[in-house]
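Structure, as structure tokens:
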Amino acid sequence: MSKLPRLTNIYSKVKEDNGGRDYTLLAIEATSPFTYQLGRPDPMRYQVKVTGLANMYTGPLAVQDGILREVTITVKPEESQVLFEVWLEAPAEATVSFTEGLPSRLTLLLSRSPLKDFYCGKRVVLDPGHGGADGGHRGPVNLWEKDVVWKTAQEFSRQLRRLGAEVILTRAEGENPPWEERAGKGEGADLFISLHTHGEGDRKVRGAAVLYPPGSREMEILARAVLERIVSKTKVPGRGIFPAAELGKVKGCPALAIETVTITNWVDEGILRNPYFHRKLALAVLAGFFCTYGEKRGK
Ligand SMILES: [Zn+2]
């Protein structure tokens, strides 16, 4: 028996370098150094052929972060080869590096500049629901909707500013302006995102939903794309997409309301305590908007 390297792990994350640039990192790890061939059959796909055995989960790795859509893995035992097909959401350039050690690791750093080019200069209105005396729904332990959506809005704001977007919040932390005033801030903007959590008397109901202005096929498509990414990225179940009449009051720009989780469910309330949830959620929503409008509108 030849001593072929055993591939043990594959993962992806968004990484910031020291210069403040963002990358999508994709890593393939093995028990010992391995040889690989890198190809790019078309602008939206890289291929990595590795000589070795797969000792890992070989189902598709869904990433959907706006740059990397997914990685499919094909094992060819007769050729001692594993083929990784890296499907992109935007034609991003990759930098490849290899480190020997335990594990040995092949790293692809994909530039996130297509996402940055898209968001740079865009005006995005974030509407954290409720506020002040209006707490919104309350979780079974102690979280209030007004506070968790504020936290989510801060994470959206952080990511958007990094991408060069202008962010407008519809309220300060302790305020609760009327809906007409909030919706009015959408005028002249490129995107309006209202943030809420769902609430139900039935504690068993859980999951995320995306609401869109009624009568707009375009917004329905956007809502579906955004929910799909929320579900795949955060692993919160999807409750569906629904038309919401209030969103019709936001004039002249795409508008969505995100019910991030169902706060009245124990599991979903717990998820809201995890800072990574808010980060992943924002990433998923911004990727969904980019992938729906990136091609059509550009910048
Ligand atoms: Zn609400």
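The values are calculated or read from the model by the stated rules, or taken from the named source; none is laboratory data. What you see is a predicted model; the values in this text were computed from it and never measured. For neighbour counting, all protein chains shown are included, and Cβ atoms are generated from backbone atoms with ideal geometry for every residue, glycine included.
Candidates are the residues of the range 100-149 that are among the acidic types (Asp, Glu) and touching a strand residue (DSSP E or B) at 6+ places or on another chain (Cβ under 8 Å); the one that is nearest to the ligand (Cβ to nearest atom) is Glu145. Just wondering, is there one or more residues in the range 28-45 that are touching a helix residue (DSSP H, G or I) at 6+ places or on another chain (Cβ under 6 Å) and in a loop (DSSP other than H, G, I, E, B)? No, that holds for no residue.
If the requirement is being in the same structural domain as Ile258 (by TED's automatic domain parsing), within 15 Å of the ligand (Cβ to nearest atom) and either over 18 Å from Ile263 (Cβ atoms) or in a strand (DSSP E or B) (or both), which of these qualifies: Thr197, Thr152?
The match here is Thr197.
Before we move on, is Ser216 farther than 18 Å from Ile271 by Cβ, polar (S, T, N, Q) and either free of Cβ contacts under 8 Å to residues at least 40 places away in the same chain or in contact with a Cys (Cβ under 8 Å, 6 or more places away or on another chain) (or both)?
Yes, satisfied.
Hey, among the residues in the range 250-276 that are farther than 16 Å from Gly240 by Cβ and of a type in the set (Val, Ile, Thr), which one's surrounded by the fewest Cβ atoms within 10 Å (Cβ to Cβ)? Residue satisfying both the conditions and the ranking: Val267. Among the strands (runs of 3 or more DSSP E) confined to the range 84-129, the ones with at least 2 residues that are surrounded by fewer than 16 Cβ atoms within 10 Å (Cβ to Cβ) are located at 94-99.
Of the residues making up the range 263-281, those that are within 15 Å of the ligand (Cβ to nearest atom) and in contact with a Ser or Thr (Cβ under 7 Å, 6 or more places away or on another chain) are Ile263, Asp268.
Looking only at residues in the range 164-189 that are crowded, with 21+ Cβ neighbours inside 10 Å and in contact (Cβ under 8 Å) with a residue 60 or more places away in the chain, which one is farthest from the chain's Cα centre (by Cα)?
Checking each candidate, the answer is Ala183.
Scanning the range 1-22 for residues that are over 25 Å from Leu53 (Cβ atoms) and of a type in the set (S, T, N, Q) returns a single hit, Asn18. When the range 200-224 is filtered for residues that are among the small types (Gly, Ala, Ser) and part of a loop (DSSP other than H, G, I, E, B), the ones remaining, listed by number, are Gly201, Gly207, Gly215, Ser216. The single condition among (1) away from the ligand (no atom under 16 Å from the Cβ); (2) over 30 Å from Arg45 (Cβ atoms); (3) small (Gly, Ala, Ser) that Gly164 does not meet is (2).
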